[in-house]
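Just below is one structure, and these are the notes that go with it.
The values are calculated or read from the model by the stated rules, or taken from the named source; none is laboratory data. None of the values given here were measured: they were computed from a predicted structure. Don't worry about glycine lacking a Cβ; one is built from the backbone with ideal geometry, like all the others, and counts go over all protein chains shown. We work out accessible area using only protein heavy atoms, side chains counted, and drop any ligands, DNA or RNA first. Shrake-Rupley method; radii C 1.70, N 1.55, O 1.52, S 1.80 Å.
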Amino acid sequence: MKIAVFSNKPYTERTFQSANESYGHQLCFFEERLNHHTADLAAGCEAVCVFVNDELGEPTLKRLSNLGVQLIALRCAGFNNVDLYAAERLGLSVVRVPAYSPYAVAEHTLGLILALNRQIHRAHGRIREANFSLEGLLGFDLHGTPAGIIGTGKIGAIVARILHGFGCPLYAYDTRANPECEALGVQYVSLDDLYRQSCIITLHCPLTPQTHHLIDAAAIEKMQDGVMLINTSRGALVDTKAAIDGLKSGRIGYLGLDVYEEEADLFYEDLSNKIIQDDIFARLMMFPNVIVTGHQGFFTQNALLAIADTTLANVVAFEKGVCQNTVLCRHVISSNHSVVKGLVS
Ligand code: NAI
């Protein structure tokens with residue numbers, strides 16, 4: 001199949017070219033992000049391959065459909081950037097990579113927790129300037145520190161296992177309990193109880209209309225003073241302005257973000273010679289107790305290879321009329337119209 005690969009980076013192209021040796025698709029790489037202005041680049045292609053910050057709202061999907069595109073192949077797990085209702089109306093199928101390396105994101109989450117607690121980012125800067133003072137770098141033992149996990153699917157369950165290894169008492173909130181976590185001794189509680197009991201809160205649920213700004217001013221108000229908040233899931237789970245207020249008041253003592261609600265205008269580009277126009281992001285950068293990474297939780301060799309392989313296999317499955325790793329599939333839609341509603345509600 002001829003596939004237009006949007007938001008291409010050198011590492012994407014290398015990995016996809018290598019994986020494609022076993023599949024033989026025709027790959028056309030474009031650095032541009034997909035949106036309704038750039039959709040025409042997919043002319044002549046039957047599939048588009050897209051990433052987290054490509055915009056697949058109705059106008060983009062209409063253009064793609066008019067060009068004869070039949071398949072949206074997401075090379076990521078989340079699908080919050082696709083208007084699934086519009087895709088269904090237009091008869092477009094949508095596939096994704098539900099699991100590539102949940103360890104990659106879980107381990108990055110722990111990286112943020114450890115770095116924030118022991119202030120490794122600040123210690124590194126100090127030592128390079130021959131400042132060997134420990135003042136201001138005091139941390140706490142993770143052992144015995146209660147942690148709350150929101151979303152205990154593939155990634156959240158691994159985070160639970162790792163934190164269990166550190167000796168943290170664990171609380172969780174999910175719409176359905178994970179027996180693997182229950183077996184570890186994780187206690188499922190209400191969101192309010194999780195906020196009240198946890199010194200560390202880490203987010204691993206998807207972004208949906210229900211979870212948009214899950215962490216807002218009211219939620220932060222219920223948390224412990226000096227709580228550590230970690231988001232490696234999707235930026236808009238956190239109301240960033242409310243998080244800034246929480247940092248200013250001290251309610252939030254540490255903030256670790258791998259994702260940011262307005263990241264599409266920033267992440268994955270070298271903007272070091274540009275003036276950052278996003279004042280909210282600029283304010284975040286002023287706090288010594290904030291670490292932001294640029295949506296790199298997934299970025300390990302193992303995960304990249306698995307993403308490329310699964311994406312290309314998804315396209316083959318679609319060509320054969322088999323639905324695999326499907327968010328939305330023409331073959332499923334024709335027999336079960338509730339598929340979209342079920343996924344996004
Ligand atoms: P998953 O589907 O295995 O687990 C998600 C869990 O969230 C499920 O247990 C589900 O029941 C739960 N959930 C759904 N709605 C909820 C709600 N309203 N409140 C609480 N829990 C809810 O997904 P997985 O693979 O663990 O990924 C989690 C998220 O991580 C993805 O949605 C994606 O946004 C993010 N992600 C981030 C990456 C990065 O590079 N930073 C890479 C991959 C995923």
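About the centre of its Cα atoms, the chain shows a dipole size close to 380 debye [charges on the beta carbon of Lys, Arg (+1) and Asp, Glu (-1) only; nearest 20 debye].
What is the local net charge at THR202, summed over the other residues whose Cβ is closer than 15 Å to its Cβ (Lys, Arg +1; Asp, Glu -1)?
Numbers: positive: LYS154, ARG161, ARG234; negative: GLU107, ASP174, ASP258.
Overall, the nearby charge balance is 0.
Between MET285 and GLU180, the contour length at 0.36 nm per residue exceeds the Cα-Cα span by 34.1 nm.
For region 1-149, the fraction of C-alpha pairs farther apart than 27 angstrom is 44 percent. Expressed as a whole percentage, what fraction of the accessible surface of region 102-292 belongs to carbon and sulfur atoms when a 1.4 Å probe is rolled over the protein heavy atoms? Reported share for carbon and sulfur atoms: 53 percent.
Please sort through the DSSP H helices of the chain and keep those with an alpha-carbon extent of at least 27 Å along the long axis and a Kyte-Doolittle average not below 0.0.
Within the chain the helices that satisfy the rule are 301-319.
Once Rh for the chain is found with the Kirkwood sum over Cα pairs, what is the Stokes-Einstein diffusion coefficient at 25 °C and 0.890 mPa s, in µm²/s? List each step's numbers first, then the result.
Values: Rh = 21.4 Å.
D, rounded to a whole number, is 115 µm²/s.
Estimated purely from DSSP H runs of n ≥ 4, each contributing -39500 (n - 2.57), the mean residue ellipticity at 222 nm for the chain is -11000 deg cm²/dmol once divided by its residues. Spatially close Lys pairs in the chain, defined by Cα atoms under 26 Å apart and a spacing of eight or more places or different chains, total 11. Annotation: per residue accessible area for region 197-310 equals 46 Å², rounded to a whole number [probe 1.4 Å, protein chains only]. As a fraction of the 1.4 Å probe accessible area of region 1-73, surface on carbon and sulfur atoms comes out at 44 percent.
Relative to the compact globular guide of 2.2 N^0.38 Å, what is the alpha carbon radius of gyration of region 91-151, as a ratio?
On the way: Rg = 18.3 Å, N = 61, 2.2 N^0.38 = 10.5 Å.
Dividing the Cα radius of gyration by 2.2 N^0.38 Å gives 1.74.
Averaged over its residues, region 1-98 has an accessible area of 40 Å² per residue, based on protein heavy atoms and a 1.4 Å probe. Any idea what log10 I(q)/I(0) is at q = 0.10, 0.16, 0.19 Å⁻¹ for region 102-292, Debye with uniform C-alpha scatterers and no solvent? With no solvent term, the Cα-only Debye profile gives -0.40, -1.02, -1.40.
Taking 20 Å as the cut-off, the amide N atoms of region 50-64 that come nearer than this to a point 7 Å along the Cα-to-beta-carbon line of ARG89 belong to 55-64. Put the Cα centre of region 227-257 next to the Cα centre of region 149-190 and the gap is 21 Å.
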